[in-house]
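What follows is a short report on a single structure.
We did not get these values from a lab; they are worked out from the coordinates using the rules stated. Computed from a predicted structure; not experimentally measured. Positions of Cβ are generated from backbone atoms using ideal geometry, with glycine treated the same way; all protein chains shown enter the neighbour counts.
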Amino acid sequence: MTYVEAFVKVDKQGRMVLPKDVRKALGIEDEAEVVCRVVGNKVILERFSIESIQKAFADLEEIAPSLEVDTVEVEGEDKYVDSEYALRKIGLRGVS
């Protein structure tokens, strides 16, 4: 893992220049696109790549699993744990 720390100024238009050491650590040459993410109070910059997008989606799936799940019809008191029932209650599915 590479560790590079740099202090940069942000101008009135919100621009900043990535120092040479930072660009080198990210493998950024010439003109390039970066992915900018805010996580809490941190800004994360990554060199744009298909791999970084796939990683972002994998991270998202861990945080918010898909709503498309296998369901079974449940009757009685246990209906409150049925995912289809829950999705209807919060308005994500139509009433059947």
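Details
- Label positions at residue 35 and residue 59, each projected 7 Å from the Cα along the C-beta direction, are separated by 0.7 nm.
- Space enclosed by the convex hull of the alpha-carbon atoms of the range 11-65, per residue, Å³: 113 Å³
- Amide H contacts under 5 Å for residue 48: 33, 34, 35, restricted to partners 5 or more places along the chain or on a different chain, H placed in the peptide plane at 1.01 Å from N.
- Taking the Cα centre of the range 11-65 as origin and assigning +1 to Lys and Arg Cβ atoms and -1 to Asp and Glu Cβ atoms, the resulting dipole is close to 320 debye.
- If R0 is taken as 22 Å, the Cβ-Cβ distance between residue 48 and residue 15 corresponds to a FRET efficiency of 0.75.
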